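Working notes, structure below.
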Amino acid sequence: MAAKAFKHIIVGGGVSAGYAAREFAKQGVKPGELAIISKEAVAPYERPALSKAYLFPEGAARLPGFNVCVGSGGERLLAEWYAEKGISLILSTEIVKADLTSKALISAAGETFNYQTLMIATGSTVIRLTDFGVQGADAKNILYLREVDDADKLIEVIKAKKNGKAVVVGGGYIGLELSAVLKLNNLDVTMVYPEPWCMPRLFTAGIAAFYEGYYANKGIQIIKGTVAVGFNSNADGEVKEVKLKDGRVLEADIVVVGVGGRPLTTLFKGQVEEEKGGIKTDGFFKTSVPDVYAVGDVATFPLKLYNELRRVEHVDHSRKSAEQAVKAIFASEEGKSIEEYDYLPFFYSRAFDLSWQFYGDNVGDTVLFGDNDPTTPKAKFGSYWIKDGKVVGAFLEGGTPEENKVIAKVAKVQPPAESLEQLAKEGLAFASKI
């Protein structure tokens, strides 16, 4: 089989790949120079839609409606767009071997692809309960969500188990978003997670209390402080019960697991420098290997604002890191220099009628402001994080676009905080003064 050669190859077909392709086109990539190799069967799309609008019972989003770059207000890039630009979209193709010394990638079908510059945009894979040998975790209707195929399976099962019982394992992003959407589909939903409150990596107890109260008022049962240790199936091999560590047994027609992700770096192990679970890069997303860049979930990069190396798993960084790497590729070709990546961490989520945004760093002391009563219609509340006398992080539920901008500014500027009491009293007004 003859090798195919491209000047630039992006391995991975997620959000980063799509935003990188748009930037390559903007920078003047020539037809035939760029290829995207993806194991998915569709053009790059905005992954966050899968846990939200894709699963709505009515008016659901469908591809190509949420192809990149609509998630950031940009043009929707259909498969035809790539063809028009002369970008090869090589779909349903899994790369199983990467040789960075000879600049070659080999697919599961045995095809070889040669490159001059490589962008690693492989993203993450979900952590599965079968990885830990959880008893019965291979039963039918125990589902995960990462790709559009996973979402299609979930829709199929929701329809088959109409008005049934769903157990969501995990209290993070996926757990909260999927519990909401399963409830909207009229399922009886129970969430199970081991931590003392939901979203513990970001939420304080005060923030979490609002969401847990809100979900409880929507009829979602929350079981904290325990984990699923096994599953029982019916005669058809479908899950019927979830066994918890505390001895309880929950009935279940559907189980959805959201217990985290793992960056897909295996192909490059031993060939690139790694740090903090990812591929180590500089502020231009260059790795330790010449002409190899890493972006999105897999990159451990210098977070200039905090002067430390971090790996960030979020769509905002996936988009921005991809664009930065492409700019760096062209700058180095042209002998020009560009600014180093200067990222302000940003996370957000939407579920039911709720919408929150967080900017900055969640370290230090915290203050809660506003009305976080889960029974309040259109509640608006937030939190600040204070370290070394400065506000370093800000969270807001129910903010307007203008209010979200001001909390972002606070996290970036890091203004001094006189006292925690004063900050709690002023709330959003403090951010508006900055």
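The values are calculated or read from the model by the stated rules, or taken from the named source; none is laboratory data. Remember, it's a predicted structure, so these values are computed and weren't measured experimentally. Neighbour counts are summed over all protein chains in view; Cβ atoms, including those assigned to glycine, are modelled from backbone coordinates with ideal geometry. For the accessible areas, the whole protein counts, side chains as well, though only heavy atoms, and no ligand, DNA or RNA atoms are used. Shrake-Rupley method; radii C 1.70, N 1.55, O 1.52, S 1.80 Å.
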Could you grab me the full set of residues in region 216-245 that are among the aliphatic types (A, V, I, L, M) and in contact with a Ser or Thr (Cβ under 9 Å, 6 or more places away or on another chain)?
I220, I222, I223, V239, V242, L244
Based on this model, can you work out whether E80 counts as open to solvent by 60 Å² or more (accessible area, probe 1.4 Å), without any contact (Cβ under 8 Å) to a residue 24 or more places away in the chain and within 30 Å of I106 (Cβ to Cβ)?
yes
Go through region 108-137 and count every residue that is part of a strand (DSSP E or B), within 25 Å of P48 (Cα to Cα), open to solvent by less than 20 Å² (accessible area, probe 1.4 Å) and hydrophobic (A, V, I, L, M, F, W, C).
2
For region 50-68, pairs from a residue that is over 16 Å from K183 (Cα atoms) to a residue that is open to solvent by less than 60 Å² (accessible area, probe 1.4 Å) and in a helix (DSSP H, G or I), with Cβ under 7 Å and 6 or more apart or across chains, are A61/A49; A61/A53; A61/Y54; L63/V148; F66/A49; V68/V15; V68/G18; V68/Y19
Out of all the residues in region 1-25, which are at pLDDT below 95 and among the small types (G, A, S)?
A2, A3
Hey, could you check region 266-294 for residues that are assigned to a loop (DSSP other than H, G, I, E, B) and aromatic (F, W, Y) and say which is nearest to K327 (Cα to Cα)?
F284
Selection from region 225-247 of residues that are within 17 Å of D138 (Cβ to Cβ) and not hydrophobic (A, V, I, L, M, F, W, C)
G230, N232, S233, N234, D236, G237, E238, K240, E241, K243
Check whether at least one residue in region 163-170 is of a type in the set (K, R), in a helix (DSSP H, G or I) and under 27 Å from A61 (Cβ atoms), and report yes or no.
no
Restricting attention to region 193-239, the residues that are more than 27 Å from S355 (Cβ to Cβ) and touching a residue at least 60 places away in the same chain (Cβ under 8 Å) number exactly 10
Mind telling me which of the residues K405, K380, K387 ends up being open to solvent by 50 Å² or more (accessible area, probe 1.4 Å) and under 22 Å from the mean Cα position of the chain (by Cα)?
K405
Determine if region 230-251 includes at least one residue that is within 25 Å of S51 (Cα to Cα), touching a Phe, Trp or Tyr at 6+ places or on another chain (Cβ under 8 Å) and among the aliphatic types (A, V, I, L, M).
yes
For the subset of region 342-354 comprising residues that are open to solvent by less than 50 Å² (accessible area, probe 1.4 Å) and either assigned to a strand (DSSP E or B) or hydroxyl-bearing (S, T, Y) (or both), which member is farthest from A411 (Cα to Cα)?
A351
Return the residues of region 304-340 that are open to solvent by less than 20 Å² (accessible area, probe 1.4 Å), free of Cβ contacts under 8 Å to residues at least 60 places away in the same chain and small (G, A, S); say none if nothing qualifies.
A328, A331
Could you list, in sequence order, all residues of region 46-60 that are open to solvent by less than 40 Å² (accessible area, probe 1.4 Å) and over 19 Å from L143 (Cβ atoms)?
E46
Positions within region 235-266 being aliphatic (A, V, I, L, M) and open to solvent by less than 30 Å² (accessible area, probe 1.4 Å), in sequence order
V239, V242, L244, L250, A252, I254, V255, V256, V257
Among F203, F231, F210, which is the only one that is crowded, with 18+ Cβ neighbours inside 10 Å and either in contact with a helix residue (DSSP H, G or I) (Cβ under 6 Å, 6 or more places away or on another chain) or in a strand (DSSP E or B) (or both)?
F231
